[in-house]
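Working notes, beginning with the structure itself.
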């Protein structure tokens, strides 16, 4: 390769990577500031007020918790029992048995005394056929409704639950998620604390329950995960939920609510057609649709985000399952960005089009690809003997130190704000994992994202895949 041409190419590549890195540093610094400010504001605002009055009031707004279940026979009884023990008067638990091939339905029938009932079903609402609807004969389980339907996937199950619900709000969760007893009180308060804007959705922090002591569907003791992959994911979730999403919520530009814990104004969710069953990123896509719907109607609205630790879930401890999960996230991200590509730098959608969408495009989607091809470029340039080692080592060290600093800030801020892990050694352990994460865990996430994008771009059809969980019932 001609030396002058190679030097020009190398110089341009250096400028691109340096500019990209500088923008990310600035963005993450601003995100840290906004998240801290938002969290402090939330804690000060919620330091007073008695939520127990909401729990006991029959006038409290109605909520339906929709929990899709597929082959959950191992833990379904305990998981449902946990959902039925929430402190709230006017709510219903709707478990949608999405064509399970095990004894999920039969175990619920036996445990809760269920019997089939007649229920009017809207034939125009799109979802796979419903085979039967069950209610309990026992008064103590009157809040439970079980829907048995043909398998159609998580999105289809949630859509069926929305259509059958008559509540003002619907909560879409994973059936094996553990909600703290006061979770619905915080959700309702978030829906009603705005006077000039309609709250169309409420999301919150997802905490990791691996290795925690759980008895009868109740969290008894919080412990650091024992599995090394789970520890890395705990660190990742701490950054993402406590800083990233908190920051976007602060400027009312949040574009995703976790599928494990999301509550919606049912009327708005139904108006946009519910979840999109053609994507594996349904939790992100429905937020895009609801925001666009409100923007197009020029109605003042917002999405609230709760930093309180209300929801606990189990994360993968198996490498293969983790990679499949991140592969799926990458595909869902790309599918949603493509479907709503007309929002890209579109001033019609305000901060969503000019800031949020570009962030998801350049960082959440493009960043893993740049990292992957950047690594290939380094190998090729080293082989050709044109690598600028001084620049490469300097920018690598800078990125590495900044990532550690940002992770340390997320850990220490979590200790300051909620202090879930009270043992000093747990904090030291997380900091140790933060130091090695860019070398050990981050490459795994990048490769999974590259695989997901590659599969999507070449047209390989791939669904959710399997996610085998140990279950809370065995956590003790």
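The values are calculated or read from the model by the stated rules, or taken from the named source; none is laboratory data. What you are looking at is a predicted structure, and each value in this text was computed from that prediction instead of being measured. We place every Cβ from the backbone using ideal geometry, glycine too, and count neighbours over all the protein chains shown.
Within the stretch 323-335, the presence of a residue that is outside any helix (DSSP H, G or I), touching a helix residue (DSSP H, G or I) at 6+ places or on another chain (Cβ under 9 Å) and surrounded by fewer than 21 Cβ atoms within 10 Å (Cβ to Cβ) is excluded.
Every residue, every condition in (1) outside the structural domain of residue 281 (by TED's automatic domain parsing); (2) in contact (Cβ under 8 Å) with a residue 40 or more places away in the chain; (3) assigned to a loop (DSSP other than H, G, I, E, B); (4) surrounded by fewer than 15 Cβ atoms within 10 Å (Cβ to Cβ), yes or no:
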position: 128; (1), (2), (3), (4): no, no, yes, no
position: 135; (1), (2), (3), (4): no, no, no, no
position: 148; (1), (2), (3), (4): no, yes, no, no
position: 152; (1), (2), (3), (4): no, yes, yes, no
position: 156; (1), (2), (3), (4): no, yes, no, no
position: 176; (1), (2), (3), (4): no, yes, yes, no
position: 187; (1), (2), (3), (4): no, yes, no, no
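Can you find a residue in the stretch 230-252 that is out of contact with any helix residue (DSSP H, G or I) (no Cβ under 6 Å at 6 or more places or on another chain), outside any helix (DSSP H, G or I) and closer than 19 Å to residue 334 by Cα? No; the residues of the stretch 230-252 include none that is out of contact with any helix residue (DSSP H, G or I) (no Cβ under 6 Å at 6 or more places or on another chain), outside any helix (DSSP H, G or I) and closer than 19 Å to residue 334 by Cα. Inside the stretch 425-466, residues that are outside any helix (DSSP H, G or I) and at pLDDT 95 or above make up a count of 1. Under the condition of being loosely packed, with under 15 Cβ neighbours inside 10 Å and not in a helix (DSSP H, G or I), the residues counted in the stretch 104-117 number 3.
Condition first: modelled with pLDDT under 90 and within 24 Å of residue 280 (Cα to Cα). Can you find one or more residues in the stretch 106-125 that meet it? So far as the stretch 106-125 goes, yes, one or more of its residues are modelled with pLDDT under 90 and within 24 Å of residue 280 (Cα to Cα).
For the stretch 189-213, name all the residues that are part of a strand (DSSP E or B) and surrounded by fewer than 22 Cβ atoms within 10 Å (Cβ to Cβ). Matches in the stretch 189-213: 198, 199, 213. Within the bounds of the stretch 81-89, is there any residue that is assigned by TED's automatic domain parsing to the domain that holds residue 64 and under 24 Å from residue 276 (Cα atoms)? So far as the stretch 81-89 goes, no, none of its residues is assigned by TED's automatic domain parsing to the domain that holds residue 64 and under 24 Å from residue 276 (Cα atoms). Among residues of the stretch 378-397 that are assigned by TED's automatic domain parsing to the domain that holds residue 17, those with a beta-carbon under 7 Å from a residue that is surrounded by fewer than 11 Cβ atoms within 10 Å (Cβ to Cβ) at least six positions away or on a different chain give the pairs 384/1.
Within the stretch 373-404, the set of residues being under 30 Å from residue 40 (Cβ atoms), touching a helix residue (DSSP H, G or I) at 6+ places or on another chain (Cβ under 9 Å) and loosely packed, with under 15 Cβ neighbours inside 10 Å comprises 398, 400.
Check the stretch 13-29 and report whether any residue there is in a helix (DSSP H, G or I), in contact with a strand residue (DSSP E or B) (Cβ under 9 Å, 6 or more places away or on another chain), farther than 17 Å from residue 405 by Cβ and modelled with pLDDT of 75 or more. No, the stretch 13-29 contains no residue that is in a helix (DSSP H, G or I), in contact with a strand residue (DSSP E or B) (Cβ under 9 Å, 6 or more places away or on another chain), farther than 17 Å from residue 405 by Cβ and modelled with pLDDT of 75 or more.
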